[in-house]
Amino acid sequence: MSPEEAYEHCESLTRRAAANFYYGIRLLPRDKRRATCAVYAFARRIDDIGDGSFAQREKLDLLDAAERSLAELSSASGDPVIVALTDAHARFSLPLDALAELIAGVRMDVTGTQYESFEDLLGYCRHVAGTIGRLCLAIFGASEPERARSLADDLGVAMQLTNILRDLREDAGNGRVYMPRKDLVRYHLSTDGHFEGEEGQLDAFVRFQVRRAGEWFDRGLELVPLLDRRSGACVLAMTNIYSRLLRRIEDDPQRTSNERVSLPMWEKLWVATLSVIKAALG
């Protein structure tokens, strides 16, 4: 399989499975867009293992196999994701240890890890989302690389905190409670994923979490001036889509316990267009 065919597979998968992510990366030049899709396709594979219907032991075995595949990247592989990732790594020197950290984070999902404090949850967020920020940064390039890596990690954490808020109902149905137990107790909510408590407490709890995620976005957005214009537009598009999700959640916290909050396609396109204009104006 040629790298070209492998990249086409990864880009098709990304377009189909990751609307929020793809609305940002479609703004990148072709080589960076394709490499980012290769990273996403591998990350999607890891997430699908964690979210799949396999028994726990089988999930752990599949994660082990995925980790071994990182140590054996080969353009001769018959796996289009591995072929594309191999080429992307050759072009952009991807930090493959970040993908190994992602696998470690999904192992936490598989084993049913719960989080006593926000500091505990933060470690999980850095594993499953901060790592993606660092991988994307390797593709984008940046001035002040050390500072940029830290800020990319912060943006990843902000997006993961938003995902957790958006998916409260879905995760609870799968037996997963990501919110720190200390926060649930503080707001007098049940800690079993039902989020039941005194009247108004869920609203107060969700708005507190929205403010916390917003603070991580505010810090992470300091990354944009360190990037070239098109990479900056990509980051702005993804960040603004997630920020709008946060505002929707803040406006109606009860929705989080009843449905998965999302944005319509037209709004994502509009946000992406505005991000290009803002990046172009500097």
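The values are calculated or read from the model by the stated rules, or taken from the named source; none is laboratory data. Owing to the predicted nature of the structure, the values given are computational and were not obtained by experimental measurement. As a convention, Cβ positions derive from the backbone with ideal geometry for all residues, glycine included, and neighbour counts pool all protein chains shown.
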Yes/no for residue 65 being loosely packed, with under 15 Cβ neighbours inside 10 Å and out of contact with any strand residue (DSSP E or B) (no Cβ under 9 Å at 6 or more places or on another chain): yes
Test for residue 53: is it within 22 Å of residue 136 (Cβ to Cβ) and at pLDDT below 95: no
Any hit, the range 157-172, residues being over 15 Å from the mean Cα position of the chain (by Cα), surrounded by fewer than 18 Cβ atoms within 10 Å (Cβ to Cβ), outside the structural domain of residue 249 (by TED's automatic domain parsing) and farther than 30 Å from residue 90 by Cα: no
From the options 156, 141, 130, residue that is on the phi > 0 side of the Ramachandran plot and of a type outside the set (A, V, I, L, M): 141
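Identify all residues within the range 78-113 that are hydroxyl-bearing (Ser, Thr, Tyr) and either crowded, with 16+ Cβ neighbours inside 10 Å or touching a strand residue (DSSP E or B) at 6+ places or on another chain (Cβ under 6 Å) (or both); write none if there are none.
Scanning the range 78-113 gives a single hit, 86.
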Residues that are under 20 Å from residue 132 (Cβ atoms) and outside any helix (DSSP H, G or I), drawn from the range 53-78: 73
Restricting the range 114-128 to residues that are touching a helix residue (DSSP H, G or I) at 6+ places or on another chain (Cβ under 8 Å) and exposed (fewer than 14 other Cβ atoms within 10 Å of the Cβ), the residue that is farthest from residue 172 (Cα to Cα): 117
Wholly within the range 123-177, helices (runs of 4 or more DSSP H) carrying at least 1 residues that are without any contact (Cβ under 8 Å) to a residue 60 or more places away in the chain and under 15 Å from residue 102 (Cβ atoms): 131-140, 145-166
Qualifying position, being surrounded by fewer than 21 Cβ atoms within 10 Å (Cβ to Cβ), of a type in the set (Gly, Ala, Ser) and touching a residue at least 40 places away in the same chain (Cβ under 8 Å), among 75, 53: 75
Hey, residue 204 in a helix (DSSP H, G or I), under 23 Å from residue 156 (Cβ atoms) and either aliphatic (A, V, I, L, M) or outside the structural domain of residue 258 (by TED's automatic domain parsing) (or both) or not: no
Test: residue in the range 31-38 that is out of contact with any helix residue (DSSP H, G or I) (no Cβ under 6 Å at 6 or more places or on another chain), under 17 Å from residue 227 (Cβ atoms) and outside the structural domain of residue 229 (by TED's automatic domain parsing): yes
Qualifying positions in the range 178-197 - touching a residue at least 40 places away in the same chain (Cβ under 8 Å), outside any helix (DSSP H, G or I) and surrounded by fewer than 21 Cβ atoms within 10 Å (Cβ to Cβ): 180
Any hit, the range 108-122, residues being in a helix (DSSP H, G or I), in contact (Cβ under 8 Å) with a residue 24 or more places away in the chain and in contact with a Ser or Thr (Cβ under 9 Å, 6 or more places away or on another chain): yes
